[in-house]
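Student: For reference, the structure I am asking about is given below.
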Amino acid sequence: MSPRRVLVTGGAGFIGSRLAAQLRARGDEVVVLDDLSTGRREKLPEGARLIVGDVRDGAALEAALEGVEVVFHLAARVSIRGSIEGFRDDHDVNLGGTLALLAALPGSAVRRVVYASSMAVYADSPDGARVGEEHPTRPLSPYGVSKLASEHYLRVMGPRLGVEHVSLRYFNTWGPGQELTPYVGVATIFVNALLDGRTPTLFGDGAQTRDFVFVDDVARATLRAGEAPLGEPVLNVGTGRGTTVRALLEQIADALGVPPRAERAPARPEELRHSVADPTRIERALGVGDWAPLDLAPLVAHWREHRPPDRR
Ligand code: NAD
Ligand code: UD1
């Protein structure tokens, strides 16, 4: 496991910064390319070099790729619900970013690209069964379309560009360090709403299921995908355990000692009803597993400490 120079696009973000920290702990030289649109400089681990720039910018990419052997491509617009109104921007950043990266590879030292895809590429699983990588893809959101298109470009162009590649389909990633916006993950939204004394909104009946996977486990699987022998072009990153959104709300309310109240809003047509990973393939391929349970008390404690002073 010799140290390498690696690039993390989106490395100032929620998942990317945890990945950057694990790569630094492994001894790698870490370059981060991030436009700081949602990422933050303070999240970077010590020793990581930040290039502030857009992943679609060829000159920024060229500078960031100098001497790099492995690229972890996480820079993206990450909102499923936000990708309806912003479908054109979503496409520009998510697919455009992947294409710009691929176009910048010739002449570089890159031998592997690890891509942060999403469960949003899948068709719904009407019976709520766990989805394996062979489950049909039929994205419901522009975001899912951009992620699936990126996977396909990587599959088609990777071999022609002489790079190994793998697309990791992350399921719902939770943990401290996600920035609070109306579009972020549901656990972050619910914790902050209840801490502020606001009533959270439940889309649909709350019986939709999600596979909540801890951010450091996602980072660990991503790190492993950058170093392990690769045989699979696509791997799920999830725990195999489903939780309903209502049960999530109840767990958070319980951790806060408040009632699990919620306002109801219509279900969102761009969202899957059920989304639970079958993690068999990644556990075998990368030797990961032992996924952390969904334990919301530490997330509540984190937000109690880190809320802006005017909201405490
Ligand atoms: P995030 O918003 O915290 O991270 C994205 C990072 O990319 C940010 O730091 C942002 O500043 C940066 N970025 C955005 N546009 C950019 C651009 N044009 N040029 C350079 N940098 C840019 O979100 P995250 O949750 O850490 O997501 C990381 C990756 O994982 C994304 O590709 C996302 O689609 C994917 N993913 C996330 C989840 C999840 O549940 N959080 C699940 C599935 C897939
Ligand atoms: C999240 C990620 C996305 C990723 C996907 C993969 C973010 C912003 N989005 O999307 O990048 O590709 O996981 O797993 O991190 N809900 C409510 N009320 C709310 C917010 C959400 O009821 O206020 C419900 C939603 O309707 C949905 C569930 O909670 O059923 C999960 O929503 P969310 O955490 O936003 O995740 P995804 O949309 O699945």
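The values are calculated or read from the model by the stated rules, or taken from the named source; none is laboratory data. From a predicted model like this one, the values you see are computed outputs, not experimental measurements. Note that we place each Cβ from the backbone using ideal geometry, even for glycine, and neighbour counts take in every protein chain shown.
Student: Show me the helices (runs of 4 or more DSSP H) entirely contained within the range 210-312 in which 2 or more residues are among the small types (Gly, Ala, Ser) and out of contact with any helix residue (DSSP H, G or I) (no Cβ under 7 Å at 6 or more places or on another chain).
Tutor: Here the list is empty.
Student: Let me ask you something else. Of the residues Asp89, Asp54, only one is closer than 30 Å to Leu140 by Cα and in a helix (DSSP H, G or I); which?
Tutor: On inspection, the qualifying residue turns out to be Asp89.
Student: For the condition surrounded by fewer than 24 Cβ atoms within 10 Å (Cβ to Cβ), on the phi > 0 side of the Ramachandran plot, assigned by TED's automatic domain parsing to the domain that holds Ile80 and modelled with pLDDT under 95, what is the one hit in Gly162, Gly128?
Tutor: Gly128
Student: I'd like to verify a number: residues in the range 146-165 that are under 25 Å from Ser79 (Cβ atoms) and without any contact (Cβ under 8 Å) to a residue 24 or more places away in the chain, how many?
Tutor: Here the count works out to 1.
Student: Quick one: how many residues across the range 169-199 are more than 10 Å from ligand 2 (Cβ to nearest atom), assigned to a loop (DSSP other than H, G, I, E, B) and more than 12 Å from the chain's Cα centre (by Cα)?
Tutor: Of the residues in that region, 6 qualify.
Student: I would also like to ask the following. Taking the options Ala21, Ala48, Ala59, name whichever one is small (Gly, Ala, Ser), more than 16 Å from ligand 2 (Cβ to nearest atom), surrounded by fewer than 24 Cβ atoms within 10 Å (Cβ to Cβ) and within 16 Å of the chain's Cα centre (by Cα).
Tutor: Ala21
Student: In the list His91, His135, His73, which residue meets the criterion of being closer than 20 Å to His165 by Cβ and modelled with pLDDT of 95 or more?
Tutor: The unique qualifying residue is His73.
Student: Here's a check for you: in the range 100-144, which residue that is β-branched (Val, Ile, Thr) and outside any loop (DSSP other than H, G, I, E, B) is farthest from Ala59 (Cα to Cα)?
Tutor: Val131
Student: Does Val191 satisfy being under 12 Å from Asn172 (Cα atoms), surrounded by 18 or more Cβ atoms within 10 Å (Cβ to Cβ) and outside the structural domain of Ile15 (by TED's automatic domain parsing)?
Tutor: Considered against the rule, which asks whether it is under 12 Å from Asn172 (Cα atoms), surrounded by 18 or more Cβ atoms within 10 Å (Cβ to Cβ) and outside the structural domain of Ile15 (by TED's automatic domain parsing), Val191 comes out as no.
Student: Going residue by residue through the range 216-228, is there one that turns out to be more than 16 Å from ligand 1 (Cβ to nearest atom), on the phi > 0 side of the Ramachandran plot, surrounded by fewer than 19 Cβ atoms within 10 Å (Cβ to Cβ) and not aromatic (Phe, Trp, Tyr)?
Tutor: Checked the range 216-228: no residue is more than 16 Å from ligand 1 (Cβ to nearest atom), on the phi > 0 side of the Ramachandran plot, surrounded by fewer than 19 Cβ atoms within 10 Å (Cβ to Cβ) and not aromatic (Phe, Trp, Tyr).
Student: Take the residues of the range 73-111 that are crowded, with 20+ Cβ neighbours inside 10 Å and charged (D, E, K, R): which is nearest to the chain's Cα centre (by Cα)?
Tutor: For the range 73-111, the residue satisfying everything is Arg77.
Student: Taking the residues in the range 194-206 that are under 21 Å from Ser141 (Cα atoms) and in contact (Cβ under 8 Å) with a residue 60 or more places away in the chain as candidates, determine which candidate is surrounded by the most Cβ atoms within 10 Å (Cβ to Cβ).
Tutor: The extreme case among them is Leu202.
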